[in-house]
1. Find the residue count for segment A:80-99, including only residues that are open to solvent by 70 Å² or more (accessible area, probe 1.4 Å) and touching a helix residue (DSSP H, G or I) at 6+ places or on another chain (Cβ under 9 Å).
2. Limited to segment A:62-96, what total is found for residues that are within 11 Å of DNA strand D (Cβ to nearest atom) and outside any helix (DSSP H, G or I)?
3. Every residue in segment A:106-126 that is open to solvent by less than 60 Å² (accessible area, probe 1.4 Å) and under 19 Å from B:Lys25 (Cβ atoms), please.
4. Quick one: in segment A:23-61, of everything that is within 13 Å of DNA strand D (Cβ to nearest atom) and among the polar types (S, T, N, Q), which residue is surrounded by the most Cβ atoms within 10 Å (Cβ to Cβ)?
5. Would you check if B:Ala123 is within 12 Å of chain A (Cβ to nearest Cβ) and closer than 21 Å to A:Asp15 by Cα?
6. Report every pair of residues separated by at least 6 positions or lying on different chains whose Cβ atoms are under 8 Å apart, first residue within segment B:51-69 and farther than 16 Å from A:Asp14 by Cα and away from chain A (no Cβ under 11 Å), second in a helix (DSSP H, G or I) and of a type in the set (Lys, Arg).
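The values are calculated or read from the model by the stated rules, or taken from the named source; none is laboratory data. This structure is a prediction, so every number in the text was calculated from the model and none was measured. Neighbour counts are summed over all protein chains in view; Cβ atoms, including those assigned to glycine, are modelled from backbone coordinates with ideal geometry. All accessible areas refer to the heavy atoms of the entire protein, side chains included, with ligands and DNA or RNA removed. Shrake-Rupley method; radii C 1.70, N 1.55, O 1.52, S 1.80 Å.
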Protein chains: 2
Amino acid sequence: MKDRTPVPPPHPADDVTEHVGYRLKRAAAALRGAMDKALREHGLTVPQYACLELLDQRPGLSNAELARSTFVTRQSMNVVLRGLQDADLISRPATTDHGRALPAHLTEHGRERLDAARSAVYAIERTMVDAFPQRRLAALLADLDRMAEALGG
Amino acid sequence: MKDRTPVPPPHPADDVTEHVGYRLKRAAAALRGAMDKALREHGLTVPQYACLELLDQRPGLSNAELARSTFVTRQSMNVVLRGLQDADLISRPATTDHGRALPAHLTEHGRERLDAARSAVYAIERTMVDAFPQRRLAALLADLDRMAEALGG
DNA sequence: CCCCCTATGTCAAAATCCTGACATGAAGGA
DNA sequence: TCCTTCATGTCAGGATTTTGACATAGGGGG
């Protein structure tokens, strides 16, 4: 007689908390909370920090490009950029001679703020990475990426 | 002479997209988007579906317990529950003889709606799980859990 | 040259979520 | 008993984000 439920498809678990989606949400929520708390002391929100970090590594990104990179809508990113502009952390030209995309750049003030906030965020990242065997880091990163890709992210 | 930066701590990568936090956010955003799209055809939002699923497995949960289980505030969960009540998918007593917590239960209508939506969500979950080697599923779940725990989630 | 398609920035309105606050009910200790 | 503490449900306000829509700029193809 053969086993029923051949390969109990790894998944439809009996408990919701065993689902990948639940764990993913839990980890993301914990990260978001920790970053919120840490960044508040630096006067930054999570989307604002994400913007500064991206602009530091890839200066000249436009609003739409930043939005795609941070997984929010253009409209949301627009208000974030306005906030950063009002705080003099980034600069954007009012017009451009070619196209509509307005390239954003960090100001000196923005670079300083980013440097200060980065250490706090990196400490959080370190806490996460240290929570599991280091030899699994590469696989974890790869698997998260594959999941996102499979879902059309 | 000793090495500088002993153990280039696995992590501060040169590219933001190599960070665990970024990958986590990306995967969570992709999952959220896929679930949003799939659940819309069933007339449910993601928090609403999460509620129904939890109440199916653990009937009688209170508003505060549901909020903690889904990683949102009591206030947010309260409006979700009101929506579900107005749609006659769950029921909550107006009063209780002991304590303040109001236990929520699925209605027959709610169970039917959940059954319909569940297949769509499980298909998404399946897509995610199939995106990486099955032998890594257990480790992935465990590592996500450890990360959340380390961050105080 | 003109039309179609795409991408971008922006505005307006709505939905969603969170912060802060308050009142009630239960439990435990002085 | 009384009081302190904690957890819960709820209200009000504001902040954030999304949905929907519109106008503009550039690239191709007819």
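1. Of the residues in that region, 1 qualify.
2. Of the residues in that region, 5 qualify.
3. A:Leu114, A:Ala117, A:Arg118, A:Ala120, A:Val121, A:Tyr122, A:Ala123, A:Ile124, A:Glu125, listed by residue number.
4. Once the filter is applied, the top-ranked residue is A:Gln48.
5. Yes: the conditions hold for B:Ala123.
6. B:Asn63/B:Arg74; B:Ala64/B:Arg74; B:Ala67/B:Arg74
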